[in-house]
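Visitor: For reference, the structure I am asking about is given below.
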C-alpha cells in the first residue's frame, strides 16, 4: 500500500514537472504571438515605397521596398498561403492566441488538480511515517 502511494507520488511529481514545462512553453508562445500582433499594428503605419527589412533566415535580412501595403501573404497551414489584409491577418493570429489561452487555462486547472493530489499523498505518507515511528 505504501509502495503504491510512493509510486503514485513519483508519477504525479513527474506530471507536475511536465505541466510546468508545458506552461512555460505556452507563455513563450503567447509572447511570440503578442509580438506578431504588435508587428501587424506597426505594419498598418507603413506606406507604399517604404523600405523594410525582410527576414531571409534566422538573423539574416534583405532590404526591400513595399509595393503593396494592403495585402499580406498568410500561411494558414498545410503549406497553404492566402492573401489577407492586416486586420484579416491579425484576426487569424488573435484566434491562435485565444486558443492558446484556453489551452493554458485547461493546463493550469489540471496542474492544480495534480498539485492537490500530491499534497494529499504527501500528507498520507507523512502520517503513516509518523505512525510507524511511534510503533518503533
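Visitor: Output the residues belonging to the range 116-128 that are under 20 Å from residue 21 (Cβ atoms) and surrounded by 14 or more Cβ atoms within 10 Å (Cβ to Cβ).
Guide: If the condition is that a residue be under 20 Å from residue 21 (Cβ atoms) and surrounded by 14 or more Cβ atoms within 10 Å (Cβ to Cβ), then 117, 118 are the ones that fit.
Visitor: In the range 36-52, what residues are over 19 Å from residue 94 (Cα atoms) and surrounded by 10 or more Cβ atoms within 10 Å (Cβ to Cβ)?
Guide: Answer for the range 36-52, where residues must be over 19 Å from residue 94 (Cα atoms) and surrounded by 10 or more Cβ atoms within 10 Å (Cβ to Cβ): 46, 48, 50, 52.
Visitor: Test residue 15 against the stated conditions and say whether it is within 30 Å of residue 118 (Cβ to Cβ) and out of contact with any helix residue (DSSP H, G or I) (no Cβ under 6 Å at 6 or more places or on another chain).
Guide: The answer is no for residue 15.
None of the figures in this text is laboratory data; all of them are computed from the coordinates on show. Computed from a prediction, not measured in an experiment: that's the story for all the values here. FYI the Cβ positions are ideal-geometry reconstructions off the backbone, even for glycines, and counts take in every protein chain you see.
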